[in-house]
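Asker: Once you've had a glance at the structure underneath, I'll fire off some questions.
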Amino acid sequence: MKRTLLAIAAAAATFASAIGLVTTGGWLISEAALRPPLLTLEVAIVSVRAFGISRGAFRWLERVVSHDSALHATVERRTQLWMALAKAGPRGAWGLRTGDAITRVMQDAELLQDRITRVIVPAAAAIVTASGAVLVQLHLQSLAALCFFAAFLVAGIMVPALAHRIEFTAARRALEERALVNSRLSAFVQHRDEMRVLGVIDANLQQVAVADDRRVAIETRAAVLSGLTQWAALLASGLAIVGGLLVAVPAVLNGSLQGPHLAVVALLPWSASELITALALAASALVRVRSAQARLQGIEQLDAPIPEVERHGSAGLFIRQLRVRWQDSEVVHAIDLDVPRGQRVALVGRSGAGKSSVISAVLGLVEYQGSVIVGGEDDGSARASLITAVPQAPHIFRTTARENLRMAAGPVPDEQLRRALNRVGLAHIDLGRDLGQAPLSGGEAQRLGLARALLLEAPVIVLDEPTEHLDEETAAGIMATIHDEIWGRALLMTTHRLTDLRDFDRIYIIDGGSIMCSGTFVECLMGSEWFRESVEWRLDKARVD
Amino acid sequence: MRPLDPELIRRSGAVKGAIAATVFTGLVSAAASVVQAAAAAAVISRAFLQHQPVAALTTQLVAFAAAWFVRSTANTVQDVWARRSGLRAVAALRRDLAAAYGRSDAAPEAMFPLLSRGIDALEVYVARYLPQLVLAILVPVGLGAWILRNDPWTAVILVITIPLIPVFMALIGWFTDSAVTKQWSSVSRITEVVTDLFTGLPDLLIFDRAKSQAELIHKLGSDATHATMRVLRISFLSSFALELIATISVAIMALGIGLRLTSGNIDLETGLMILILAPEVYLPLRQVGTQFHAAVEGMEAWKQAQPMLAQQRTAAEYIDAPLKSLKLRDLSFGYGSALTAPVTAKLKRGTVTTITGHSGVGKSTLLRTLAGLMAPIAGEVTVSGHSVHALDERAWFDRVGYVPQHPWLGHGTLRDALTSGREASDAECSAALAAVGLLDLPLEARIDDLSGGFSVGQRRRIALARYRLRKCDILLLDEPTAAVDAESEAAILHVLEEWRAQGAIVVVVAHRQALVQAATQVLHLERAR
């Protein structure tokens, strides 16, 4: 606030110096034309020099101060936006396409800088300086002052205010189009390889271009509109100057205005036309700031209430009457599932049967109805401290292996991290390796995800197909590690490698969103044809080898 | 940093348009400012010294009003035109750059920041900076000549101070160059990180780490702010210096005129006119300084974009005959350093080759290299005697099917994902889906960028079905049966067998036994020592 006030004062001083420079100069040479003794001009001569220097100095001060505070404000705002995204959770965030979300957090947030540098500071300074100019003018020639005041009021305030509504609609649409361009670009950049092979590069570029062209058209219209307000500002200033001359010239003739002051009366509104255009420019900037703010509020108002984990009953994970919807249909129908402490439980079924939806609900990544209960004596009620997990395709962040491992359990010493890597067969990965520069393979990523999850000592472990992307030998090793690690905890796992489940305490078979059968491995072999056939298929394949 | 790159003008019609429009409106505006200054000076001096009434000054007042009108209009037109050119130049350049990236093997990470905000920043450069640069040459010369005719003494000051400004600008450009590059990399970095974090948001939420990343975003934001402020400080300071040169010159002129007036060496009308005109001479020069900081980011983006834009793909060889085999000759591949010992192999028509090897050995990387999506480190991949990299892009890719581990299905309906721009009837689409074991999915089902309702296994099979609708000679599949059930696995194996029987070259990265068994040839990779 203090800095903004300082910036406004500096901006006003800049405007005032510019006006002072021209009007004093005009007065000086008018007075000089009367050939007075040089001494009487001394003050004016010094002032002209001073104004010349102070204009530059004040402008410098204004720009440094206002940009500094605007940039810092943006950093704060962006951080808050991220928090809002985090709070909204994936349901909220998934409603946004990646490019759109990034555009909001980056470019739209940056537009807010203009609020200080291009709206508040110049507008406030222009109003302050214009008031001063009107007062000076009033002192010299009241009718001329009235002319300037009217021009300022009409072109500086009324016209921009009228244009504001139309401009706002255009600016809002322009930002939406920019976000659309960026979403398409971000998909294009990310999936270029497949687009190249499919031969759809041009088609995708065309889509980018269509949105970009629409944006250009809208922005051009907005530019014409703001150009018109600028034009109005300039024309009004011209009228104020002519009007001022029309009333001041007779005043000189009848002696009510001193001759040398005529130049001041004429040049003051001339140099003050800058103030009117500054206001018109600020109005255009305000439109963009407001539309950016509207888009940011879109994020801040995202809300996806995901039920908390319930804490009661005996130790373990218990799912009661769980329902999950996707788009317009229910994909999980009121299922119950028990994973008591110390037991290994699997959830299996055809691809697309609803396994991942159940897992996502347990992890709190989708909205659901029903209860996810974690019983037992463990501390805390936060889902993240009770349930640790490897999702189907764990995201590896573009940072070091160390930071990636610490994502779950926090600042764990390197020794422990190395042990965790060893357990999943990733001993060859250096903790300092930048996984953005030297990416992991699919199988390595899967295992790093497991190492990361196992570092967190939570009573419940959820693993979504932990052995995919792994060769048989490595997969067997990973299953062994999992069995070692979950001692005394509750494990819920999905997999298609059904033969891994022989030792599991219980297997739930899901189909079409409902539990069809549950029991031990043998019980499932008896109870489910699908299970029997799938196991046979795998055994058959393994035997030939 | 060069204030104006001829390459940019050559490339962009819109930039040429902006410059042409600025030259025209700039000349009109300069002429009008002369009339305006002369008329205003005449009114003031005649009313003041000769006590002429308004009636006698009508001509001058009308001339002033007309000149003011012309000038305001010319400036507005210039402004709007330049904005429009800026927008168009940016859209065209974005398209060119994206197309160049689309033909290249360049890494994707830095591209999004460059294509989005980097190219956007060029708009300010084209719309605001470039016109002022043009005016900064035009206006001083035009108005300077007029002033020289009327008051040579003042013109001397102009001649001395004006050349200082371009020299000064060149110095600043040189001085800010590295600071600007740093600024761009810090801004680009934060965009990359936010993208990475957003993509990994589900993982962050599982571990409740999303909020703690705010600290990282804050830190990177502060870094970017410091880098930006460095650039701004330099450019504000230089703008201050330019402004000082300009205003002090005007002040000296005013004093000079004042002193000569007292001694009667010049008349008031001329003096006033010069006084009004002098700041106009310096205005575009001052504007160049003022816009500099806003334009530098665009200039830097242009610098970053240029190498890719300049890239020419010379590959234009064609093959007409059906492919016989895909040969790998002493092939070394990897990102930077070779992952395995050089591989030599011949993959024939009508065979299924599986690539096996330990996790992380480079199976997927080999597949990308075979697809011609990344250049080998050494050796080559050839078909019918042509190096894959020398083939015309379409001539090659039209024969290739490529399904990576996490396939892209686009943003639209299931039908769109399947046809991907080609003609295919609903019956064909459904048949292709059925072949991969996806029986009752509606073709109108929505597919999302991110997750969108389909399981990973389903997405992979949809991607396979897509190539069943095309006729491919070579199929490169990365673990097509990962995350699918036994039934679907059987269906997929059947599709592979179909392809093989049709005479295709099928290459599969495989972990599962079933897939390895389906192979007619196994390519086992070992980590390089």
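Asker: Restricting the search to the stretch B:181-223, which residues are of a type in the set (Ser, Thr, Tyr) and either assigned to a helix (DSSP H, G or I) or in contact (Cβ under 8 Å) with a residue 60 or more places away in the chain (or both)? If you could, list the steps in order and put the result at the bottom.
Answerer: Taking the stretch B:181-223 first, the residues of a type in the set (Ser, Thr, Tyr) are B:181, B:185-186, B:188, B:191, B:195, B:199, B:212, B:222.
Correct list: B:Thr181, B:Ser185, B:Ser186, B:Ser188, B:Thr191, B:Thr195, B:Thr199, B:Ser222.
Asker: Related question: Restricting attention to the stretch A:297-310, which residues are touching a residue at least 24 places away in the same chain (Cβ under 8 Å), in a helix (DSSP H, G or I), surrounded by fewer than 21 Cβ atoms within 10 Å (Cβ to Cβ) and not charged (D, E, K, R)?
Answerer: Kept after step one, since they are touching a residue at least 24 places away in the same chain (Cβ under 8 Å), are these residues of the stretch A:297-310: A:298-300, A:302-310.
Now restrict to residues that are in a helix (DSSP H, G or I): A:298-300.
Going one step further and asking which of them are surrounded by fewer than 21 Cβ atoms within 10 Å (Cβ to Cβ), we end up with A:298, A:300.
The answer is A:Gly298, and nothing else.
Asker: Taking the options B:Gly17, B:Gly86, B:Gly118, B:Gly26, name whichever one is in a helix (DSSP H, G or I), in contact (Cβ under 8 Å) with a residue 40 or more places away in the chain and surrounded by fewer than 18 Cβ atoms within 10 Å (Cβ to Cβ).
Answerer: B:Gly17
Asker: Turning to a different aspect of this structure: Of the residues B:Arg422, B:Arg466, B:Arg461, only one is surrounded by fewer than 22 Cβ atoms within 10 Å (Cβ to Cβ), within 12 Å of chain A (Cβ to nearest Cβ) and within 40 Å of the chain's Cα centre (by Cα); which? Can you show your working first?
Answerer: Working: B:Arg466 fails: surrounded by fewer than 22 Cβ atoms within 10 Å (Cβ to Cβ); B:Arg461 fails: surrounded by fewer than 22 Cβ atoms within 10 Å (Cβ to Cβ).
Of B:Arg422, B:Arg466, B:Arg461, the one residue that is surrounded by fewer than 22 Cβ atoms within 10 Å (Cβ to Cβ), within 12 Å of chain A (Cβ to nearest Cβ) and within 40 Å of the chain's Cα centre (by Cα) is B:Arg422.
Asker: Further question on the same structure: Based on what the data block shows, is B:Pro108 within 30 Å of B:Leu268 (Cα to Cα) and in the same structural domain as B:Gly221 (by TED's automatic domain parsing)? Break it down into steps so the answer makes sense when it comes.
Answerer: Details: within 30 Å of B:Leu268 (Cα to Cα): no; in the same structural domain as B:Gly221 (by TED's automatic domain parsing): yes.
No: the conditions fail for B:Pro108.
Asker: Still on this structure, I have one more. A:Thr399 - would you say it is of a type in the set (Ser, Thr, Tyr), under 25 Å from B:Ala482 (Cα atoms) and within 9 Å of chain B (Cβ to nearest Cβ)? Full working, then the answer.
Answerer: Values: of a type in the set (Ser, Thr, Tyr): yes; under 25 Å from B:Ala482 (Cα atoms): no; within 9 Å of chain B (Cβ to nearest Cβ): yes.
Criteria not met by A:Thr399.
Asker: Please work out which one of (1) under 29 Å from A:Thr23 (Cα atoms); (2) crowded, with 21+ Cβ neighbours inside 10 Å is the condition B:Leu259 fails and give its number.
Answerer: Of (1) under 29 Å from A:Thr23 (Cα atoms); (2) crowded, with 21+ Cβ neighbours inside 10 Å, only one is false for B:Leu259: (2).
Matching residues to (1) in contact with a helix residue (DSSP H, G or I) (Cβ under 7 Å, 6 or more places away or on another chain); (2) part of a helix (DSSP H, G or I); (3) of a type in the set (Gly, Ala, Ser); (4) crowded, with 22+ Cβ neighbours inside 10 Å:
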residue	(1), (2), (3), (4)
A:Ile102	yes, yes, no, yes
A:Glu110	yes, yes, no, no
A:Ala151	yes, yes, yes, yes
A:Pro160	yes, yes, no, yes
A:Ala163	yes, yes, yes, no
A:Asn182	yes, yes, no, yes
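Residues checked against (1) more than 31 Å from the chain's Cα centre (by Cα); (2) part of a loop (DSSP other than H, G, I, E, B); (3) within 10 Å of another protein chain (Cβ to nearest Cβ):
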| residue | (1), (2), (3) |
| --- | --- |
| A:Leu450 | no, no, no |
| A:Leu456 | no, yes, yes |
| A:Pro466 | yes, yes, no |
| A:Glu473 | yes, no, yes |
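Asker: Which of the residues that make up the stretch B:207-223 are at the interface with chain A (Cβ under 8 Å from one of its Cβ atoms), touching a Ser or Thr at 6+ places or on another chain (Cβ under 8 Å) and crowded, with 18+ Cβ neighbours inside 10 Å?
Answerer: Result: B:Phe207, B:Ala214, B:Ile217, B:Gly221.
Asker: In addition: So which of B:Ala518, B:Ala486 ends up being buried (at least 20 other Cβ atoms within 10 Å of the Cβ), free of Cβ contacts under 8 Å to residues at least 12 places away in the same chain and more than 21 Å from B:Val381 (Cβ to Cβ)? Full working, then the answer.
Answerer: Working: B:Ala518 fails: free of Cβ contacts under 8 Å to residues at least 12 places away in the same chain.
Of the residues listed, the single one that is buried (at least 20 other Cβ atoms within 10 Å of the Cβ), free of Cβ contacts under 8 Å to residues at least 12 places away in the same chain and more than 21 Å from B:Val381 (Cβ to Cβ) is B:Ala486.
Asker: Can you pull out every residue in the stretch B:300-332 that is within 14 Å of chain A (Cβ to nearest Cβ) and either surrounded by 19 or more Cβ atoms within 10 Å (Cβ to Cβ) or of a type outside the set (Lys, Arg) (or both)?
Answerer: Kept after step one, since they are within 14 Å of chain A (Cβ to nearest Cβ), are these residues of the stretch B:300-332: B:301, B:305, B:308, B:313, B:315.
If the condition is that a residue be within 14 Å of chain A (Cβ to nearest Cβ) and either surrounded by 19 or more Cβ atoms within 10 Å (Cβ to Cβ) or of a type outside the set (Lys, Arg) (or both), then B:Ala301, B:Ala305, B:Met308, B:Ala315 are the ones that fit.
Asker: Kindly indicate which of B:Ala375, B:Ala395, B:Ala338 is assigned by TED's automatic domain parsing to the domain that holds B:Ile505, hydrophobic (A, V, I, L, M, F, W, C), touching a residue at least 60 places away in the same chain (Cβ under 8 Å) and more than 30 Å from A:Ile429 (Cβ to Cβ).
Answerer: Values: B:Ala375 fails: more than 30 Å from A:Ile429 (Cβ to Cβ); B:Ala338 fails: more than 30 Å from A:Ile429 (Cβ to Cβ).
Result: B:Ala395 is the single residue among B:Ala375, B:Ala395, B:Ala338 that is assigned by TED's automatic domain parsing to the domain that holds B:Ile505, hydrophobic (A, V, I, L, M, F, W, C), touching a residue at least 60 places away in the same chain (Cβ under 8 Å) and more than 30 Å from A:Ile429 (Cβ to Cβ).
Asker: Somewhere in the stretch A:239-253, is a residue facing chain B (nearest Cβ under 7 Å) and of a type in the set (Gly, Ala, Ser)? Write out each step before concluding.
Answerer: Pass one, the stretch A:239-253, residues facing chain B (nearest Cβ under 7 Å): A:242, A:245-246, A:249-250, A:252-253.
Checking which are of a type in the set (Gly, Ala, Ser) leaves us with none.
No: the stretch A:239-253 contains no residue that is facing chain B (nearest Cβ under 7 Å) and of a type in the set (Gly, Ala, Ser).
Asker: For A:Leu386, indicate whether it is of a type outside the set (Ser, Thr, Tyr), closer than 30 Å to B:Thr191 by Cβ and surrounded by 18 or more Cβ atoms within 10 Å (Cβ to Cβ).
Answerer: Working: of a type outside the set (Ser, Thr, Tyr): yes; closer than 30 Å to B:Thr191 by Cβ: no; surrounded by 18 or more Cβ atoms within 10 Å (Cβ to Cβ): yes.
Criteria not met by A:Leu386.
Asker: With respect to A:Asp212, is the statement that it is at negative phi and at pLDDT 95 or above true?
Answerer: yes
Asker: I would also like to ask the following. I need the full set of residues from the stretch A:424-448 which are over 17 Å from B:His358 (Cβ atoms) and either part of a helix (DSSP H, G or I) or not small (Gly, Ala, Ser) (or both), in order please.
Answerer: Scanning the stretch A:424-448 gives A:Asp430, A:Leu431, A:Arg433, A:Asp434, A:Leu435, A:Gln437.
Asker: Going through the stretch A:53-84 one residue at a time, which ones are more than 16 Å from B:Arg230 (Cβ to Cβ), of a type in the set (D, E, K, R) and touching a residue at least 24 places away in the same chain (Cβ under 8 Å)?
Answerer: A:Arg55, A:Arg59, A:Glu62, A:Arg77, A:Arg78
Asker: Still on this model: Anything in the stretch B:270-283 that is surrounded by fewer than 23 Cβ atoms within 10 Å (Cβ to Cβ) and more than 9 Å from every other protein chain (Cβ to nearest Cβ)? List them, or say none.
Answerer: If we filter the stretch B:270-283 for residues that are surrounded by fewer than 23 Cβ atoms within 10 Å (Cβ to Cβ), which is where we start, we get B:270, B:279-280, B:283.
Residues satisfying the conditions are B:Thr270, B:Glu280, B:Leu283.
Asker: Tell me which residues, restricted to the stretch A:389-407, are surrounded by 20 or more Cβ atoms within 10 Å (Cβ to Cβ) and in contact with a Phe, Trp or Tyr (Cβ under 9 Å, 6 or more places away or on another chain).
Answerer: Selection gives A:Ala389, A:Asn404, A:Met407.
Asker: Is at least one residue of the stretch B:289-310 farther than 30 Å from B:Ala504 by Cβ and free of Cβ contacts under 8 Å to residues at least 12 places away in the same chain? Show your work before the answer.
Answerer: Narrowing the stretch B:289-310 to residues farther than 30 Å from B:Ala504 by Cβ: B:289-310.
Now drop any that are not free of Cβ contacts under 8 Å to residues at least 12 places away in the same chain, which leaves B:307, B:310.
So far as the stretch B:289-310 goes, yes, one or more of its residues are farther than 30 Å from B:Ala504 by Cβ and free of Cβ contacts under 8 Å to residues at least 12 places away in the same chain.
Asker: Just the residues that are aliphatic (A, V, I, L, M), within 7 Å of another protein chain (Cβ to nearest Cβ) and under 20 Å from B:Ala241 (Cα atoms), please, taken from the stretch A:23-56.
Answerer: Initial filter on the stretch A:23-56 (aliphatic (A, V, I, L, M)): A:28-29, A:32-34, A:38-39, A:41, A:43-46, A:48, A:50, A:53.
With the extra rule that they be within 7 Å of another protein chain (Cβ to nearest Cβ), the set shrinks to A:28-29, A:32-33, A:38, A:41, A:45, A:48, A:53.
Correct list: A:Val48, A:Ile53.
Asker: Report, by residue number, each residue of the stretch A:15-70 that is of a type in the set (Ser, Thr, Tyr) and over 15 Å from B:Pro279 (Cβ atoms). Spell out how you get there, then give the answer.
Answerer: Step one: filter the stretch A:15-70 for residues of a type in the set (Ser, Thr, Tyr), giving A:17, A:23-24, A:30, A:40, A:47, A:54, A:66, A:69.
Of everything in the stretch A:15-70, those that are of a type in the set (Ser, Thr, Tyr) and over 15 Å from B:Pro279 (Cβ atoms) turn out to be A:Ser30, A:Thr40, A:Ser47, A:Ser54, A:Ser66, A:Ser69.
Asker: Go through the stretch A:408-418 residue by residue and tally those that are out of contact with any helix residue (DSSP H, G or I) (no Cβ under 8 Å at 6 or more places or on another chain) and loosely packed, with under 14 Cβ neighbours inside 10 Å.
Answerer: 5
Asker: Out of B:Arg95, B:Arg71, I need the residue that is at the interface with chain A (Cβ under 7 Å from one of its Cβ atoms) and either in a helix (DSSP H, G or I) or not acidic (Asp, Glu) (or both). Which one? Walk me through how you get there before you give the answer.
Answerer: Numbers: B:Arg71 fails: at the interface with chain A (Cβ under 7 Å from one of its Cβ atoms).
On inspection, the qualifying residue turns out to be B:Arg95.
Asker: Would you mention how many residues in the stretch B:333-386 are touching a helix residue (DSSP H, G or I) at 6+ places or on another chain (Cβ under 7 Å), away from chain A (no Cβ under 14 Å) and not in a strand (DSSP E or B)?
Answerer: Matching residues across the stretch B:333-386 total 2.
Asker: A follow-up question, please. Of all the residues that make up the stretch A:493-537, how many are touching a His at 6+ places or on another chain (Cβ under 6 Å) and within 13 Å of another protein chain (Cβ to nearest Cβ)? Steps first, answer last, please.
Answerer: Of the stretch A:493-537, the ones touching a His at 6+ places or on another chain (Cβ under 6 Å) are A:513-514.
Next, from what is left, pick out any that are within 13 Å of another protein chain (Cβ to nearest Cβ): A:513.
Count: 1.
The values are calculated or read from the model by the stated rules, or taken from the named source; none is laboratory data. The structure presented is a predicted model; accordingly, all values stated were derived computationally and were not measured. Cβ coordinates were reconstructed from backbone atoms using ideal geometry, including for glycine residues, and neighbour counts include every protein chain displayed.
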